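Working notes, beginning with the structure itself.
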Amino acid sequence: MLIPRTFVVAALGWVGGAEAHGLTADDRAALHFGWSFDPWVVGLLVLSAALYVVGYVRLRARSRQARTVRAVHCTAFALGWFALVAALDSPLDTLAAALFSAHMLQHEALMLIAAPLLVIGRPLSVWMWALPVSLRVGVGCAVRSRWIRAPWRTITTPLAAWLLHAAALWGWHAPVFFEAALARPGIHTLQHASFLVSALLFWWTVFGNTQRSERSAHAMLSLFTTMVHTGALGALLTLSPGLWYPSYIESTSALGFDPLQDQQLGGLVMWVPGGLAYLIGGLAVAARWLVKRLPSPMRARAAQDG
């Protein structure tokens, strides 16, 4: 059985919103934007990277087969890891407290850059090899139990993952919930966690399980429909004549920007670059499908080439 390779990765985003994105009085006075080194975020990021390096080295020493594939996975994980760092610890995180457009860019980095790259990186299978043998066996037995296997199969069906991701996107952008996340650190943490977890599940249905032939059709449909509904949400934000999130008025004005224009820019971030990310994903799925249609010798040669 394929184990849930992305659930552990989701913990990296759970603490990403440890501070709510409403400015305090001191923040408004200083308006200084730098790196935010939350101990929990930094600790989880460092731990995840260390485990991956140990597991990767052990796997590479164990067998020379599929080294190219493992190298691709390692590169994807590294890029996804750096995307998490950029979203959760870089000045983008502190700037998101003052600008809605920066906040939207942060969310897009989590959902459209970090999440798909982490899924491609297959971190859990590599982390397993960093564990002691006894613990590795115990974890393997646990994830194969029906208590984990049945829920995992349910939430990773294309329809369930699509619905969860769409609900997270539309629900959290409702003004009442978005404003609550800006005001309360706990709710803001939940917002970031639900964005990342639902994105990991969504991209798992696209790139995670490639053994079933019908996955490509499901993946293309999921990507196209998600591109449509996220584009619609971005268009609503961009073309709206009024402000959706009044909490940003003071901080945006303090930086010399028009709050409505900042909202429009945030909508464009979701509408245009977001749509491009789903288009790139669709092209990757199409390329995967075409490679599978090649004769076996040509398929093997394509795999060796990269």
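The values are calculated or read from the model by the stated rules, or taken from the named source; none is laboratory data. Note that this is a predicted model, so its numbers are computed, not measured. Cβ placement follows ideal geometry from the backbone for every residue including glycine, while neighbour counts extend to all protein chains displayed.
Hand me the list of helices (runs of 4 or more DSSP H) wholly inside region 144-232 holding 1 or more residues that are of a type in the set (D, E, K, R). Full working, then the answer.
On the way: elements: 146-155, 158-172, 175-183, 185-203.
The helices (runs of 4 or more DSSP H) meeting that bar are 146-155, 175-183.
Can you confirm whether region 234-243 contains a residue that is within 19 Å of Ala115 (Cβ to Cβ), of a type outside the set (Lys, Arg), modelled with pLDDT of 95 or more and under 23 Å from the mean Cα position of the chain (by Cα)? Spell out how you get there, then give the answer.
Quick first cut of region 234-243, residues within 19 Å of Ala115 (Cβ to Cβ) only: 234.
Subset that is of a type outside the set (Lys, Arg): 234.
Among the residues that remain, those that are also modelled with pLDDT of 95 or more are: 234.
With under 23 Å from the mean Cα position of the chain (by Cα) added as a condition, the list becomes 234.
Yes; the residues of region 234-243 include at least one that is within 19 Å of Ala115 (Cβ to Cβ), of a type outside the set (Lys, Arg), modelled with pLDDT of 95 or more and under 23 Å from the mean Cα position of the chain (by Cα).
Looking only at region 237-269, filter to residues that are of a type outside the set (Gly, Ala, Ser), touching a Phe, Trp or Tyr at 6+ places or on another chain (Cβ under 9 Å) and in a helix (DSSP H, G or I); which one of those is surrounded by the fewest Cβ atoms within 10 Å (Cβ to Cβ)?
By that ranking, first place goes to Thr238.
This table checks each residue for (1) outside any helix (DSSP H, G or I); (2) more than 12 Å from the chain's Cα centre (by Cα); (3) under 22 Å from Phe37 (Cβ atoms).
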| residue | (1), (2), (3) |
| --- | --- |
| Ala49 | no, yes, yes |
| Tyr52 | no, yes, yes |
| Tyr56 | no, yes, no |
| Val72 | no, yes, no |
| Leu92 | no, yes, yes |
| Ser101 | no, yes, no |
| Gln106 | no, no, yes |
| Ala115 | no, no, no |
| Ile120 | no, no, no |
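Which of the residues spanning region 94-120 are without any contact (Cβ under 8 Å) to a residue 60 or more places away in the chain and either in contact with an Asp or Glu (Cβ under 8 Å, 6 or more places away or on another chain) or not aliphatic (A, V, I, L, M) (or both)?
Gln106
Go through (1) at pLDDT below 95; (2) crowded, with 24+ Cβ neighbours inside 10 Å; (3) not aromatic (Phe, Trp, Tyr) and name the single condition Pro91 misses.
Tallying (1) at pLDDT below 95; (2) crowded, with 24+ Cβ neighbours inside 10 Å; (3) not aromatic (Phe, Trp, Tyr), Pro91 fails exactly one: (2).
How do the pairs read when you match residues in region 137-162 that are closer than 21 Å to Phe207 by Cα with residues anywhere that are charged (D, E, K, R), using Cβ under 9 Å and keeping only pairs 6 or more apart or on different chains?
Cβ pairs passing all conditions: Val143/Arg149; Pro158/Arg215.
Taking the conditions exactly as written (more than 21 Å from Trp152 (Cβ to Cβ), modelled with pLDDT of 90 or more and β-branched (Val, Ile, Thr)), does Thr225 satisfy them or not?
Criteria met by Thr225.
If you check Val85, Val72, which single one turns out to be of a type in the set (Val, Ile, Thr), in contact (Cβ under 8 Å) with a residue 40 or more places away in the chain and under 22 Å from Ser198 (Cα atoms)?
Criteria check complete, one pass: Val85.
Of the residues Leu99, Leu51, which single one is under 14 Å from Ser125 (Cβ atoms), buried (at least 19 other Cβ atoms within 10 Å of the Cβ) and either at pLDDT 90 or above or not acidic (Asp, Glu) (or both)?
Leu51
Which numbered condition trips up Val272, out of (1) assigned to a helix (DSSP H, G or I); (2) among the hydrophobic types (A, V, I, L, M, F, W, C); (3) over 22 Å from the mean Cα position of the chain (by Cα); (4) closer than 18 Å to Leu105 by Cα?
The number of the failed condition is (3).
Free of Cβ contacts under 8 Å to residues at least 40 places away in the same chain, in contact with a Phe, Trp or Tyr (Cβ under 9 Å, 6 or more places away or on another chain) and not charged (D, E, K, R): is that true of Ala232 in this structure?
Yes, satisfied.
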